[in-house]
Amino acid sequence: MWSEWRIERAGDGLYALRLPEEERALLRFLPAELRSLLEAAPDDPGLRRLFPPAYDDEQDEAAYRELMGNELLDGRRHALEVLAETANAERLTGEQAQAWLTALNDLRLVLGTRLEVSDESLLEGLAEDDPRAPELALYAYLSWLQEQLVEALSAEY
């Protein structure tokens, strides 16, 4: 797909970002879109993979959501905020990189759920005029960037 590394572990314990301005602009924009969805439509089916059930029993699940729901939501909001605020950075701290990982994963999960993406159907047989092409390309980009971040986080120096 893309050949140039965008995220790499730096020798100082930080993570170097080499993102073109177009990608930085996208990473500043997308978190606000998901935050808006989280606020305006928390029961949107596209969000179901962000908050999978913790319990099979409905009463246990309802009690868990009442107890932990805001904390789970706050964690997701924070990660999205960090991604948007640091999209222009040249380097990320380990904590910021972890927040990026959470935010990228959340963005992918929501987009993938909406597009009904499966590993077998991502770009295979996609026609240029398919109306889902732009969103599938975005999904592929977010997946690629997340993969780079995982590799950078797991790299040893």
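The values are calculated or read from the model by the stated rules, or taken from the named source; none is laboratory data. Remember, predicted model here, so these are calculated numbers, not experimental data. As a convention, Cβ positions derive from the backbone with ideal geometry for all residues, glycine included, and neighbour counts pool all protein chains shown. Calculation scope for accessible area: heavy atoms of the full protein, side chains included, ligands and nucleic acids excluded. Shrake-Rupley method; radii C 1.70, N 1.55, O 1.52, S 1.80 Å.
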Net length gained if the chain between residue 127 and residue 72 were fully extended (0.36 nm per residue, minus Cα distance): 16.0 nm
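In the chain, once you exclude exposed GluC sites (Glu not before Pro) (DSSP loop, at most 16 other Cβ within 10 angstrom), what's the longest stretch remaining? Could the numbers behind the result be given before it?
Working: sites that count: 4, 90, 116, 124, 128, 156.
Longest gap between qualifying sites, sites excluded: 5-89.
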Once you have the Kirkwood Rh of the chain from its Cα pairs, apply Stokes-Einstein at 4 °C and 1.567 mPa s and quote D in µm²/s. 76 µm²/s
Which value, in debye to the nearest 20, gives the size of the charge dipole of the chain about its Cα centre, when Lys and Arg are +1 and Asp and Glu are -1 at the Cβ? 500 debye
Estimated FRET transfer efficiency when R0 is 41 angstrom, pair residue 26-residue 54 (beta carbons, to 0.05): 0.80
Helix by helix, which DSSP H runs in the chain go 27 Å or more along their axis at the Cα atoms and have an average Kyte-Doolittle hydropathy of 0.0 or more? 94-115, 133-154
With only helices counted (DSSP H, runs n ≥ 4, each -39500 (n - 2.57)), the per-residue ellipticity at 222 nm for the chain, to the nearest 500, works out to -21000 deg cm²/dmol
So with the 1.4 Å probe, I'd like the accessible area per residue for the chain, rounded to whole Å². 61 Å²
Hey, can you grab everything whose amide H is under 5 Å from the amide H of residue 7? Only 5+ residues off in sequence or another chain; H modelled, so Pro and N-termini drop out. 18
What are the residues whose amide H is under 5 Å from the amide H of residue 91, where those residues sit 5 or more places off or on another chain and H is modelled from the backbone? 17
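Before anything else, pin down the relative contact order of the chain: Cα pairs under 8 Å, at least 6 apart, normalised by residue count, whole percent.
Computed value for the chain: 34 percent relative contact order.
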Carbon + sulfur, % of accessible area of the chain - ligands and nucleic acids excluded, 1.4 Å: 49 percent
Listed residues 36, 143 arranged by accessible area, highest first, probe 1.4 Å: 36, 143
